[in-house]
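The values are calculated or read from the model by the stated rules, or taken from the named source; none is laboratory data. No experiment lies behind these values; they were computed from the predicted model shown. Heads up, the Cβs are rebuilt from the backbone with ideal geometry, glycines too, and the neighbour counts pull from every protein chain shown. Just the protein is used for accessible areas: all its heavy atoms, side chains included, with ligands, DNA and RNA removed. Shrake-Rupley method; radii C 1.70, N 1.55, O 1.52, S 1.80 Å.
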Amino acid sequence: MKRIPDDVIRRLPLYLRKLDGLYAKGEKRVSSGELCRQLRMEPSQLRRDLAWFGDFPQQAFAYDIDGLRREIGKILGTHEEFSAILVGPGKIGSALIEHFSFIVDGYEVLGAFDVSPERIGTEIAGVPVYDIAGLGDFVREHKVDIAILTVPRGPAQKLADVLVESGIRAIWNFTNEELDVGAADVLVENVHFSDSLLHLNYYLAQRNGETD
């Protein structure tokens with residue numbers, strides 16, 4: 001099986017989000033040129049990226065929006081119905097449960113886990129909150145695919161160890177701690193909010209330098 005470059009995979013959600021937006025507006029077809037103009041990239045980039053996954057036919061140099069969004073969704077696995085849990089439903093974790101479209105992206109959130117007696121036994125947007133003491137047993141029993149980790153940095157590694165030992169397949173890590181999952185075949189996606197802000201800082205600094 002050919003290995004797809006990670007940069008290509010990371011651009012696919014950009015294409016899907018834009019296509020979903022066009023579809024929601026009632027648009028039926030879009031040319032690669034117009035799609036890439038809205039994405040601020042060259043049409044050749046889109047064609048190269050899609051070529052990794054086979055032929056995506058065009059009619060009159062335009063893509064069928066619904067057809068293309070469905071195909072990219074399949075590539076990204078949005079039809080797979082993976083299971084997820086959230087560990088640490090504080091402000092960030094609760095906001096994710098309440099506002100993130102997990103179902104649309106192919107995930108069912110089975111539960112959240114906390115140490116707070118006030119939260120245990122309650123629900124967040126219909127998601128039950130369990131005692132974190134039962135985290136490992138829950139992951140094993142339900143064969144959970146992904147854990148969303150939104151705890152403080154201190155307990156992050158210890159909880160990651162519990163998750164890995166319990167058979168978790170992937171961790172979406174919001175803790176700002178680089179996790180060590182050892183030799184386990186566990187996927188880790190780190191989300192560093194500061195990286196995005198520093199990316200913005202760079203361009204602001206460049207503009208300041210141009211005007212000095």
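Quick notes
- Exactly one residue out of Leu179, Leu163, Leu200 is in a helix (DSSP H, G or I) and touching a strand residue (DSSP E or B) at 6+ places or on another chain (Cβ under 7 Å): that is Leu163.
- Restricting attention to the range 20-78 and to residues that are of a type in the set (Phe, Trp, Tyr) and crowded, with 16+ Cβ neighbours inside 10 Å, the residue that is modelled with the highest pLDDT turns out to be Tyr23.
- For first residues located in the range 28-42 and in a helix (DSSP H, G or I), partners that are open to solvent by less than 100 Å² (accessible area, probe 1.4 Å) and among the charged types (D, E, K, R) and lie 6+ apart or on another chain with Cβ distances below 8 Å form the pairs Leu35/Lys18; Gln38/Lys18; Leu39/Lys18.
- Residue that is nearest to Thr150 (Cα to Cα), among those in the range 93-125 that are among the hydrophobic types (A, V, I, L, M, F, W, C) and in contact with a Phe, Trp or Tyr (Cβ under 6 Å, 6 or more places away or on another chain): Phe113
- Filtered residue count, the range 136-148, keeping only those that are open to solvent by less than 30 Å² (accessible area, probe 1.4 Å), of a type outside the set (Val, Ile, Thr) and in contact (Cβ under 8 Å) with a residue 40 or more places away in the chain: 3
- Within the range 43-68, considering residues that are outside any helix (DSSP H, G or I) and of a type in the set (S, T, N, Q), the one nearest to Glu189 (Cα to Cα): Gln58
- The residue list Val162, Val151, Val188 contains one member that is touching a Leu at 6+ places or on another chain (Cβ under 7 Å), under 12 Å from Val87 (Cβ atoms) and open to solvent by 40 Å² or more (accessible area, probe 1.4 Å), which is Val162.
- Of the criteria (1) open to solvent by 50 Å² or more (accessible area, probe 1.4 Å); (2) over 28 Å from Arg10 (Cα atoms); (3) not in a loop (DSSP other than H, G, I, E, B), which one Phe113 fails: (1)
- Of note, Ala133 satisfies the criterion of being free of Cβ contacts under 8 Å to residues at least 40 places away in the same chain, exposed (fewer than 14 other Cβ atoms within 10 Å of the Cβ) and within 21 Å of Ser94 (Cβ to Cβ).
- Taken across the range 53-67, residues that are touching a residue at least 12 places away in the same chain (Cβ under 8 Å) and of a type in the set (Asp, Glu) do occur, with at least one present.
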